[in-house]
Amino acid sequence: MKEHLEILQGFQAETFQQDLIGWFTEEQRDLPWRINKDPYRIWVSEIMLQQTRVEAVKPFYHRFMEKFPTLEALADAHEDEVLKAWEGLGYYSRARNLHAAVKEVKETYGGKVPDTPGEIGKLKGVGPYTKGAILSIAYGVPEPAVDGNVMRVFSRILSIWDDIAKPKTRKLFEDIIREVISKENPSYFNQGLMELGALICIPKNPACLLCPVRQHCRAFHEGVQKELPVKSKAKDPVIVPLAAGILRAEDGRYVVNKRPSSGLLANMWEFPNIELQEGVSKHKQQLSYYAKEKFGLAVEVDEFVGTVQHSFTHRTWDIFVFRGKVKGEVRETDSLKLLTEEEFAEYTFSRSHRNIFEQYVVQA
């Protein structure tokens, strides 16, 4: 017998469905992406919600949908517009992938979001979870939508001690959900699991006495709910020191440059900065040399004004921020600009460099 079927022996799937869906029907939160079943709106929300809390997403979602109310509006937009609308949410590859995918939907599928696992799963940035969420919520297709929330819930419900950080464990949970998902109402089933994980079956101190499916929970009956799920610790991010310059031209405007079109934070704007060489403490000299070699700027780096730290999944930027002056002319290009403080609002900056602007330019 397959592993997931062995685990499910004795599990009352139909009663579990009824209890979960009944609770969700009564208790679901009023969220802006739940006003209808428009697959485009659901798609945008699911991409935004990846690695971001619901409350943090709400204002961004409202603004994004006002600017791009339809799939066609987003598909026709310039990438700079999309990144600007996404600014502050982080993980900008999500926005680029979404933009590329809606263009493909417009060109290949006539603007209709595909309703089959095979077609929608081929779109850029649409992984198994997003595929399942869109198909089940928008189209009523009984497709699993397994994320960390769902694995936490079901690791407790079924007392599963496999490491959820491993890909094979995610596959196990997908097989389990495929067996127990409601075929009549997969939308509320999947959303109910997400809601349960967000509100009740939370990571450290689950509110078991309020749980609508407590009677089904093996971990609760065994008294081990706080020990699950099992998740191996990720490696600590690598600390990467950088020096960044708030450099002003002779007319008082600030020098900014555009990052390369591929790689981390592609096409985002930033203050000139350089990754510091290990063991070298002459930050000013390195920054001045970089400005000369990279942009042909003669720079006098002045005082150190502070630090900004920004963490990615596998690295943390430790940015040492300096003020400086540019001597002589600055020749602007597509990737090198001079901006007034007011013009910063028109360009898309990563959060770390937006923080540099807000902390050391606006408040100066």
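Since every read-out is calculated from the coordinates, none of them should be taken as a lab result. Quick caveat: nothing in here was measured; it's all calculated off a predicted structure. When we count neighbours, we look across all protein chains shown, and the Cβ atoms used for this are built from the backbone with ideal geometry, even at glycine.
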With 10 Å bins from 0: P(r) over the stretch 238-362, alpha-carbon pairs, percent: 13, 48, 35, 4
Taking +1 at the Cβ of each Lys and Arg and -1 at the Cβ of each Asp and Glu, which of Trp23, Trp269, Ala138 sits farthest along the dipole of the chain towards its positive end, judged by Cα position relative to the Cα centre? Trp269
Crossing angle, helix 39-49 versus the chain [Cα axis fit, 0-90 degrees, rounded to tens]: 70
When Lys and Arg each count +1 and Asp and Glu each count -1, what net charge do the other residues less than 12 Å away from His221, Cβ to Cβ, add up to? +2
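Quick check on packing: order 40-52, 119-131, 257-269 by the mean number of other C-beta atoms within 10 Å, highest mean leading. Could you put the intermediate results ahead of the total?
On the way: 40-52: 20.4, 119-131: 18.6, 257-269: 14.9.
Peptide ranking by packing, descending: 40-52, 119-131, 257-269.
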Calculate the spin-label point distance for Glu342 paired with Cys208, positioning each point 7 Å from the Cα along the beta-carbon direction, and give it in nanometres. 6.2
Label-point separation, Lys112 to Thr316 (7 Å along Cα→Cβ), nm: 5.0
Would you list, by chain and number, the lysines whose Cα falls below 29 Å from the Cα of Lys67, excluding same-chain residues fewer than 8 positions away? Lys37, Lys58, Lys84, Lys103, Lys106, Lys112, Lys122, Lys124, Lys131, Lys258, Lys337
Could you give the angle, 0 to 90 degrees to the nearest 10, between helix 128-139's Cα long axis and the longest principal axis of the Cα atoms of the chain? 60
What do you get for the angle between helix 54-67 and the principal long axis of the chain? Use alpha-carbon atoms, 0 to 90 degrees, nearest ten. 70
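Using r as the Cβ-Cβ distance of Arg259 and Glu227, and R0 as 35 Å, what FRET efficiency do you calculate, to the nearest 0.05? Before the final figure, lay out the partial values.
Values: r = 43 Å, r/R0 = 1.24.
Here the calculated transfer efficiency is 0.20.
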Radius of gyration and Dmax over the Cα atoms of the stretch 3-227, both given in Å: 17.9, 55
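If you add up the charges near Gln17, with Lys and Arg at +1 and Asp and Glu at -1, over every other residue whose beta carbon is less than 13 angstrom from its beta carbon, what do you get? Show your work: numbers first, answer last.
Working: positive: Lys183; negative: Glu14, Asp19, Glu179, Glu184.
With Lys, Arg at +1 and Asp, Glu at -1, the net is -3.
Determine the sum of side-chain charges near Lys204: Lys and Arg each +1, Asp and Glu each -1, restricted to other residues whose C-beta is under 13 angstrom from that of Lys204.
Details: positive: Arg152, Arg156, Lys226, Lys231; negative: Glu227.
Here the count lands on +3.
Mind putting a number on the dipole of the stretch 3-227 about its Cα centre? Charges go on the C-beta only, +1 for Lys and Arg and -1 for Asp and Glu, and I need it in Debye to the nearest 20. Working shown, then result.
Numbers: 29 positive and 32 negative charges, 87 e Å.
Roughly 420 debye for the stretch 3-227.
What fraction of the DSSP beta bridges in the chain is antiparallel, stated in percent and rounded to the nearest 5? Mind dumping the intermediate values first?
Working: 22 of 35 bridges.
The antiparallel fraction comes to roughly 65 percent.
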Taking R0 as 45 Å and r as the Cβ-Cβ distance between Glu14 and Glu300, the FRET efficiency 1/(1 + (r/R0)^6), rounded to the nearest 0.05, comes to 0.05
